[in-house]
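The values are calculated or read from the model by the stated rules, or taken from the named source; none is laboratory data. No experiment lies behind these values; they were computed from the predicted model shown. So basically every Cβ, Gly included, is an ideal-geometry build from the backbone, and we count neighbours across all protein chains shown. Note: accessible area is taken over every heavy atom of the protein model, side chains too, but ligands, DNA and RNA are not part of it. Shrake-Rupley method; radii C 1.70, N 1.55, O 1.52, S 1.80 Å.
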Amino acid sequence: MRSRPLLSTLRSLAAVLLLSLAGSSSFGEVASEGQLKAAYLVNFLKYVEWPASRSTATICLFGRDSLGPYLASYEGRQIVGRELRIRKVTSPDQLADCQLLFVPDTEESRFAAVLRWSDKQAILTVSDAEIFTRDGGVIALVRSEGRLQFDINTDALGRAGLKASSQMLRLARQVSGGGR
Amino acid sequence: MRCKKVLSLMLLAWGGDVLASNAVDEMGLEELTKADITSVSRKSQSLSDVPAAAFVISAEDIRRSGAQALPDVLRMVPGIEVAQIDSARYAVTARGFNGRFANKLQVLIDGRSVYHPIFSGVMWEADLIALEDIERVEVIRGPGAAMWGVNAVNGVINIISRHTRHQGGGEAVASLGTQGKAGLYARYGGQLDEYTRWKMSVQGRHAEPSQLYASGGENVDRLNNGVLDFRLDKDLGAGHDLTLWANAVRSSLGDQWRLNPQYSGGGSFLGMNNYLIQQSYTSQSLMGRYRWLSDSGVESSLQMAMTDSGIEISEYFKEERTTYDLDYQARYAFAGHDLLWGGSHRTTSDSVTSATSVVSMANPDYTDRSTGVFVHDDWTLIRDRLVLGAGARWDHPMRGGNTFSPSASLMWTPGRSDSVWLKYARAPRVPARAERDVTIFAGVVRPSAESMGLPVFLRTRPSSRTLKPEEVEGFELGYRKQLTSNFSTDLAVYRYRYKNLISGLPVSQDFSMLPLNIIQNVETYNCMAAWSNGAEFSADWLVSAAWRLQLSYAWTRLEFDRSANPTLNATAENDEKSGPRHFGALRSQWNISPIQQFDAWIRGSAGFYRANAPYTELVRVPGYMTLDLRYGRKFGKDVELALSGRNLLGPRRIEFISDYIPSPQSEVTPSLLLSVRWKF
């Protein structure tokens with residue numbers, strides 16, 4: 001007796017869920033935030049120029065909340081002629097071969113420390129915290145009106161000895177620093 | 001052509017994650033800036049490098065749960081048992097030993113413990129922080145004393161408030177629901193200069209009394225809560241920052257204590273009647289935190305908190321308390337090590353008035369001081385593969401002697417998508433003030449031939465022997481796997497040994513003549529031990545960009561040691577039955593369109609038995625399965641309307657029987673709530 005209303009509710013719930021499956025396909029370009037962030041990191045490697053050329057490009061992920069699973073499918077791919085590697089880092093001495101360092105917003109309390117570790121090295125620092133560029137990081141991924149965009153701090157970029165393509169600067173939501 | 005399109009649509013529907021991620025893979029920078037994102041955020045869900053059974057509840061999860069009180073939000077965490085007692089009281093624990101005040105769970109708000117020293121548990125009925133002001137809740141099950149100090153025996157709940165930078169401008173949320181539920185939250189945040197931000201928020205919540213389960217009549221648990229919260233963040237540059245919090249809480253809630261014995265004209269015992277009480281709780285706290293970064297790269301944090309609080313239970317009990325907390329933490333990362341160390345001190349003074357035969361307190365004015373230091377290191381043995389964690393904490397509570405809490409963990413990450421961890425830990429729980437100092441009538445054994453037809457009143461009183469801390473020690477094994485970029489699972493199994501568990505033992509008897517009855521004195525001793533076994537599973541599946549499913553399941557089993565003492569043996573048997581073996585939940589979060597959301601939450605618990613307080617015989621609390629639904633719709637950019645239904649399925653039920661102070665059982669009923677959120 002008891003299970004009957006439960007079963008019928010479950011059944012209608014299942015129907016609703018199936019509908020949502022079918023419905024979601026019409027979204028087309030809608031993607032999860034994690035996927036987009038991962039794609040951004042990989043793309044930045046294409047639009048930024050590092051002083052010394054190497055055979056590998058390494059994206060380093062700092063801290064607890066990492067994009068690792070989303071980046072896994074990119075690992076080993078060729079990005080502008082270099083093999084892409086993904087690595088987790090926890091301390092300053094592990095940064096030596098990082099081209100890009102991603103610091104998640106959950107590690108906000110450690111931004112200052114991480115930026116000091118990477119200071120004056122050719123490392124592109126990226127975070128998904130809006131304040132990151134103001135704190136001295138190079139790129140902040142920003143959620144704005146249902147889209148993921150990015151801010152760039154050209155002073156920080158210059159301090160790291162990196163060059164960004166003009167196209168990238170044009171696509172940025174906000175460019176801060178003097179060197180536009 | 002058309003066929004192909006239909007086929008690809010179907011493929012998208014059933015294998016959406018694979019195809020969608022490929023599409024994103026190929027996007028250039030320009031396309032990325034134009035792609036819409038789903039609001040199904042997986043932020044903080046990736047805990048793949050924490051060697052513990054950890055779970056994070058995000059602000060988004062809280063909002064979409066449709067819950068009004070924090071314990072209802074905690075139901076989504078595997079291994080956390082939540083049972084509602086009446087309109088606002090809850091029993092919340094991790095991994096067994098639940099109670100009105102579950103004393104083995106540590107709860108912190110921004111690093112400040114809200115574990116009440118007298119009741120040794122959390123006053124969940126007071127809204128300690130508005131749900132809207134929470135950034136995230138981190139739950140770590142299992143012993144956490146090596147880091148968090150005494151009482152973090154079965155788990156730690158860390159509530160982290162929102163940074164002022166996410167709380168700029170104004171926001172108001174108003175809710176109205178069945179059972180006289182009403183809530184109002186309002187916030188305004190601003191900026192003093194480029195580096196200084198502040199916010200102020202208020203919340204008020206009201207609920208009309210619930211229904212009594214036995215009679216269907218009205219209970220007296222009318223709730224009135226208020227919270228006022230202020231936060232200021234100042235960025236001082238170069239890794240220095242300052243945060244100030246001020247928080248005030250007012251709560252009032254009625255209750256019935258079934259402790260008033262009734263006799264017939266002939267002097268024979270008729271049963272227990274209720275004392276109607278009004279419980280009010282107040283607290284004001286002021287907190288400050290300063291963080292800085294030294295030139296050598298050491299990150300430090302110094303935090304101070306001052307709290308004035310009070311509990312008044314009309315006519316029976318009044319407590320006033322002042323607490324000072326000082327906490328220092330530092331972190332230094334070098335050569336594969338991530339070193340964390342710190343120390344804390346707490347001074348808490350109370351003044352208790354209790355003037356009745358129902359409850360009385362020894363040492364009415366009492367100050368407790370507690371000091372602790374800890375060190376912890378995560379040492380990367382093989383880069384990207386193997387991390388060894390080791391730590392220990394020493395605490396010196398004024399009563400209870402020194403405690404030492406070590407922990408060690410090994411985390412192996414064979415591939416990017418798998419990780420395995422093994423953890424050993426030991427943790428103490430220092431006996432609460434109530435366990436040492438309270439005398440209270442706690443129960444009644446109904447008249448029987450053995451008691452010569454007289455009722456036997458159980459009176460718990462301070463022990464003549466010194467109570468030692470309770471202790472837990474054991475192992476956990478965990479496995480996490482990221483099956484695809486959109487599907488992950490997490491499994492933890494554990495086996496723990498509890499020693500020196502505190503329980504009551506009958507000592508002397510008093511016979512009073514009029515009316516004729518027997519008083520059985522009960523004293524508390526460290527006299528029990530138990531094994532705790534369990535497994536927790538969770539899965540998180542982003543089925544498509546717009547739909548996410550989360551499954552959680554926990555199995556818990558306590559086995560108490562048997563004793564030659566018949567009282568202890570009976571207690572052991574009862575305690576084993578007094579918590580549910582199974583807990584499970586399935587949540588679905590669906591974004592119908594950018595402006596519409598539909599969420600469903602099926603959750604259930606197995607049945608269990610508890611003493612029919614104040615009587616000693618066991619009553620079954622039946623298992624249940626129920627459904628919560630929420631539909632939210634945005635109107636323009638700044639207004640959102642949401643309709644939530646809770647406990648929509650299943651027969652009328654109770655979820656718990658209060659043990660701490662016996663009170664009649666309240667029914668958990670279906671409810672509807674309509675909320676409007678407005679940003680300005």
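What to note about this one:
- Identity of the residue in segment B:550-572, open to solvent by 30 Å² or more (accessible area, probe 1.4 Å) and of a type in the set (A, V, I, L, M), that ends up farthest from the other protein chains (Cβ to nearest Cβ): B:Ala564
- Candidates A:Val30, A:Val48 - the one that is at negative phi, modelled with pLDDT of 75 or more, under 22 Å from the mean Cα position of the chain (by Cα) and of a type in the set (Val, Ile, Thr): A:Val48
- Selection status of B:Tyr185, away from chain A (no Cβ under 14 Å) and either under 30 Å from B:Pro455 (Cβ atoms) or at pLDDT below 95 (or both): no
- Subset of segment B:80-101 (residues that are open to solvent by 10 Å² or more (accessible area, probe 1.4 Å), in contact with a strand residue (DSSP E or B) (Cβ under 6 Å, 6 or more places away or on another chain), within 30 Å of B:Thr489 (Cα to Cα) and assigned to a loop (DSSP other than H, G, I, E, B)): B:Asn98
- Checked against (1) open to solvent by 40 Å² or more (accessible area, probe 1.4 Å); (2) modelled with pLDDT under 90; (3) within 14 Å of chain A (Cβ to nearest Cβ); (4) part of a strand (DSSP E or B), B:Asp338 passes all but a single condition, namely (1).
- If the condition is being modelled with pLDDT of 90 or more and over 30 Å from B:Pro364 (Cα atoms), then segment B:447-486 contributes B:Val472, B:Glu473, B:Gly474, B:Phe475, B:Glu476, B:Leu477, B:Gly478, B:Tyr479.
- Test: A:Tyr74 is open to solvent by less than 10 Å² (accessible area, probe 1.4 Å), within 12 Å of chain B (Cβ to nearest Cβ), closer than 27 Å to B:Ser417 by Cα and in contact (Cβ under 8 Å) with a residue 24 or more places away in the chain: yes
- Applying the set (1) free of Cβ contacts under 8 Å to residues at least 40 places away in the same chain; (2) part of a strand (DSSP E or B); (3) of a type outside the set (A, V, I, L, M, F, W, C) to B:Arg562 leaves exactly one unmet item: (2).
- Flag if B:Ala330 is surrounded by fewer than 15 Cβ atoms within 10 Å (Cβ to Cβ) and either modelled with pLDDT under 95 or not hydrophobic (A, V, I, L, M, F, W, C) (or both): no
- Restricting segment B:238-247 to residues that are surrounded by 15 or more Cβ atoms within 10 Å (Cβ to Cβ) and of a type outside the set (A, V, I, L, M, F, W, C), the residue that is nearest to the chain's Cα centre (by Cα) is B:Asn247.
- Counted as qualifying within segment A:84-180 are the strands (runs of 3 or more DSSP E) with 1 or more residues that are more than 27 Å from B:His240 (Cβ to Cβ), within 12 Å of another protein chain (Cβ to nearest Cβ) and open to solvent by less than 40 Å² (accessible area, probe 1.4 Å), namely A:139-144, A:147-153.
- In this structure, B:Asp418 does not satisfy being exposed (fewer than 15 other Cβ atoms within 10 Å of the Cβ) and modelled with pLDDT of 90 or more.
- Taking (1) free of Cβ contacts under 8 Å to residues at least 60 places away in the same chain; (2) acidic (Asp, Glu); (3) touching a strand residue (DSSP E or B) at 6+ places or on another chain (Cβ under 7 Å) in turn, B:Glu194 satisfies each apart from (3).
- Any hit, segment A:35-45, residues being in a helix (DSSP H, G or I), facing chain B (nearest Cβ under 8 Å), open to solvent by less than 20 Å² (accessible area, probe 1.4 Å) and modelled with pLDDT under 85: yes
- Of all residues in segment B:443-454, those being open to solvent by 40 Å² or more (accessible area, probe 1.4 Å) and not charged (D, E, K, R) number 6.
- A single member of B:Leu643, B:Leu629 is outside any helix (DSSP H, G or I) and more than 22 Å from B:Ile80 (Cα to Cα), and it is B:Leu643.
- Among the residues of segment B:196-237, the ones that are within 14 Å of chain A (Cβ to nearest Cβ) and exposed (fewer than 14 other Cβ atoms within 10 Å of the Cβ) come to 2 in all.
- Test for A:Cys60: is it within 12 Å of another protein chain (Cβ to nearest Cβ) and crowded, with 20+ Cβ neighbours inside 10 Å: yes
- Unique match (being away from every other protein chain (no Cβ under 14 Å) and open to solvent by 40 Å² or more (accessible area, probe 1.4 Å)) among B:Phe487, B:Phe475, B:Phe457: B:Phe475
- Members of segment B:142-175 found to be in a loop (DSSP other than H, G, I, E, B) and over 24 Å from the mean Cα position of the chain (by Cα), listed by number: B:Gln167, B:Gly168
- Test result for B:Val77, open to solvent by less than 10 Å² (accessible area, probe 1.4 Å), within 14 Å of another protein chain (Cβ to nearest Cβ) and either modelled with pLDDT of 85 or more or within 14 Å of the chain's Cα centre (by Cα) (or both): no
- Filter pass, B:Gln191 being open to solvent by 40 Å² or more (accessible area, probe 1.4 Å) and assigned to a loop (DSSP other than H, G, I, E, B): no
- Which numbered condition A:Ser53 fails, given (1) more than 7 Å from every other protein chain (Cβ to nearest Cβ); (2) not in a loop (DSSP other than H, G, I, E, B): (2)
- Out of A:Asp151, A:Asp135, A:Asp155, one residue alone is touching a Lys or Arg at 6+ places or on another chain (Cβ under 9 Å), of a type in the set (Asp, Glu) and under 18 Å from A:Leu101 (Cα atoms). It is A:Asp151.
- When B:Phe608, B:Phe598 are screened for being open to solvent by 20 Å² or more (accessible area, probe 1.4 Å) and touching a strand residue (DSSP E or B) at 6+ places or on another chain (Cβ under 6 Å), only B:Phe598 passes.
- Which listed residue is among the small types (Gly, Ala, Ser) and in contact with a Gly (Cβ under 7 Å, 6 or more places away or on another chain), from B:Ser512, B:Ser503, B:Ser463, B:Ser544: B:Ser544
- Yes/no for B:Trp541 being away from chain A (no Cβ under 14 Å), assigned to a strand (DSSP E or B) and surrounded by fewer than 21 Cβ atoms within 10 Å (Cβ to Cβ): no
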